Each structure stands twice: as structure tokens, then as C-alpha cells.
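The values are calculated or read from the model by the stated rules, or taken from the named source; none is laboratory data. Not measured: the values here are computed from a predicted model. Backbone-built Cβ (ideal geometry, glycine too); neighbour counts: all protein chains shown. Ligands, DNA and RNA are excluded from the accessible area calculation, which covers all protein heavy atoms including side chains. Shrake-Rupley method; radii C 1.70, N 1.55, O 1.52, S 1.80 Å.
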Amino acid sequence: MKFVLAGYFGFGNFGDEAILKYAVDILHYYYKTAQISIITENPLYAKKVYSATGVKRFDFKNIINEIKTCDYLIFPGGSVLQDITSVKSLGYYLSLISLALFFKKKVIMLSQGFGPINNNFMRKLTFKLLKKVSLITLRDEKSYDTLMSNGVVKSELTADLLWAFTSKPKTDETPEIFVYGDISCNIDKKKVGIQLRNWADLTEEKLNIIAKSVLNNFHYIEYDYKLICLQENSDLQILIDLGKIMHETQPKAKIELCRGNDIEKNIELLQSMDYMIAMRFHAGLCTINSEKPILMLSYDPKTEEFCNELGLEFIDIKELNENKFLAGLKWLKEFNPTRTALKTNILVKKSQQNADFLVKEIG
């Protein structure tokens, strides 16, 4: 049996790459002789890590051949059906669905977030194609309600794939780190994790607020600081800048820039923090899934929906100022994450249903 996997793969984005790994693991577990091809920006990585055939994202000659000879085209996780990134991006993924349907292949949309789609023509086209898809599972109620109200009735409400993936036992490997400062790490000290990404609203002034407020509220005698890079091209420089500000403000502080880790090491790292401050949705998901306190800095509506669902505090990055950030840190230190345990356990079980629906569809 041959599967083609498509999504925003090969760009080094932690969330998307973790979703891909989990999807590949599921297929290999249930279908031992499965042939897997991945449409990706980095075909060599797909071959090296997954022993899969990697096809360049815009190599349409090979993409057509892979889809023509496959049994299933699967979109695992993410939010590919939206035009916020660009109408071209939406058009690209719809073209893959259209190709598969043209060749009479089954299409599976697994644990997807849907929309928004603001272009009326593309919105109508999307719903028309989705009505022909074999299986659609959706990671949130808003996406589910939107599809159901537009006649896409073969939809199932589950949860993000990473709820199931990140609930697995962690490894004992030590993540690769770069160290600012010269003080040895004290294993008795607690750890504050910070994950930021480059964003227009995250100005130098706001970076200074974050750096100095964290140092003032989590004293270096009691805490070490981990700056966690989850995508080099968008996280690295902003974290280097943050590390410099923190080091200049308090040279005795132990600050580690953690980069270059594989997916499972990053999950372990996120889940080993005593307190976490993060911008990326999946950084927040991994952290709270291990019952650790998380303060989200929101730049995306899906982050706010996630926080509202679980009763977590968040700060809109556009509105971040010293008073709001200090209030957020106060909430972070006082928050007991066991309050979310019941909800996260439910989400883990709903996430595990994605594999059940997949296997039921494929047989």
C-alpha cells in the first residue's frame, strides 16, 4: 500500500515536523509494508529520517507520478486550507486534492484546522472538493462547525495530533545547548523556558520588557533560563537578541540557547521546564500536556482559542507592555496546571481517535 503525505513540511517548523513524524509512525505501525512518499521542501531529510521518497514541493512532474501511483493522499495535521498565508498557498493544496480525485485516489484530511478563507471563489471551491474527500478529522470545534454548516458532513471532531504524540514517555537524552555566561548549572535550580519567534509586533522595546521582567521575577540564584529555538530561520535571531539583553542585564545568570535539536528532544526540553513562556501554538500544547505552567504570547487566533479552551492566560503580542507582562508573570507563577489535567486528558483521547478513524477508513 502506498501513501503520499502532504503539508507544510521540510521548512524546519517544529509543529509541522512533529505532526509528520507522528503520522509516519502511525502508518508504519499499522501497515508494516507501507510505501511512503512525502511532498516536502527538503526531500533529502525525508529520505534520511523516514526512509521515505521525498518529492520537492513544486516538482509537479514527480508529484503527479507519485499521486497517480498511490492509494491514499493524506494531509496530516496543520492548517493548510486557509488563505491567511496566501491564496496561492491554498490553491496549491487544493490542486493536490484535485489531482488525487482526478486519478480516483482517496484523500484523507487528518486533524486539520480549517480557515479562515476570505476569498469567496476559493471558499466555494474548497467546500466542493471537501465533499469528495474520503475522511476529514478536525482538531477544533470552530473548524468542525464551519464544515458541517457548509454541507461537509463526513467530518469528525478530534484534536491536534500532538496531544497524542507528546503524551508518550520522554527520553533521557540531553539537548544540544549553547551557554551564555560561565556559571555551572545547578541541578537543584528551577528552569524558565522562553520560546519566541520573529514577528513585526515583537519590537526591541518589548524584547527588553520580556528580558528584564523575567530576570526580576525569576531570580538567577533560583532559576536557570532556557531559550528554545523551534525553527531556525524565524526563532534563532530573536532568541540571540533576547539572550544578549538578559546577559548584559545580569551577567551572573545562566542562560542557554537551545537549538538544533530533533523533534523528540525538543518535546522533552519543553516538557522539562518548570515555567514556560511561548509564542508558538505547539510549544504551548507540549508544555501544558506535561502539566507545566505556560504563559502564551499570542500572534495568532488559534493560540487564543487554545488558551480560552483550557483556561490559560495569554497576552496579545500587539498589546504587550510592562504592566501586562508583569501581570502575566504573576499569573504564571501562581497557576496550578493540574487544573487543566482533565481537559488535556480528554484532548489526548480525542487525538488518539485520529489513528482509529484512519485505520477504519483504510482497513
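Brief remarks on what is shown
- Flagged links, alpha-carbon separation over 29 Å, of K88/K343; K47/K124; K48/K128; K226/K318; K302/K330; K61/K349: K88/K343; K47/K124; K48/K128; K61/K349
- Distance in nm between pseudo-label sites at K32 and Q352 (7 Å out along the Cβ direction from Cα): 2.4
- Nitroxide proxy distance, nm - points 7 Å out along Cα→Cβ at D300 and K154: 2.8
- Solvent accessible area, Å² - L342, 1.4 Å probe, full protein context: 120
- Antiparallel content of DSSP bridges confined to the chain, in %, to 5: 10
- Its DSSP H runs of at least 4 residues, each contributing -39,500 (n - 2.57), put the calculated 222 nm mean residue ellipticity of the chain at -14500 deg cm²/dmol, to the nearest 500.
- Relative to the longest principal axis of the Cα atoms of the chain, the long axis of helix 120-130 lies at roughly 70 degrees.
- Counting only heavy atoms of the protein chains and using a 1.4 Å probe, H282 has close to 20 Å² of accessible surface.
- Ordered by 1.4 Å accessible area with all protein chains kept, W199, W163 run largest first as W199, W163.
- Residues in segment 3-18 reached by a label modelled at N119 [backbone nitrogen below 20 Å; 7 Å Cα→Cβ]: 7-9
- In plain terms, the chain from N216 to I240 could stretch by 6.7 nm, reckoned as 0.36 nm per residue minus the Cα-Cα distance.
- Relative to the longest principal axis of the Cα atoms of the chain, helix 322-334 runs at roughly 80 degrees.
- Charge context of K189, other residues only, Cβ under 14 angstrom, K/R +1, D/E -1: 0
- Cβ-Cβ distance of E204 and E334, R₀ of 41 Å, FRET efficiency by 1/(1 + (r/R0)^6): the value works out to about 0.90.
- A Gaussian network model of the chain, with springs between Cα atoms under 10 Å, assigns the largest mean-square fluctuation among A23, A159, A341 to A341.
- Approximate spin-label separation L326-K68, in nm, with each point projected 7 Å along Cα-to-Cβ: 6.6
- Reported label for calculated semi-axes √(5λ) of the Cα gyration tensor in Å given (i) 31, 28, 24; (ii) 40, 21, 19; (iii) 37, 21, 19: (iii)
- Mean accessible surface per residue for the chain, computed with a 1.4 Å probe while every protein chain stays in place, in Å²: 45
- Cut-off 10 Å between beta-carbons: net charge of the residues surrounding E141, Lys and Arg +1, Asp and Glu -1: -2
- Here the accessible area is traced with a 1.4 Å probe on the protein chains. For the chain, carbon and sulfur cover 51 percent of it.
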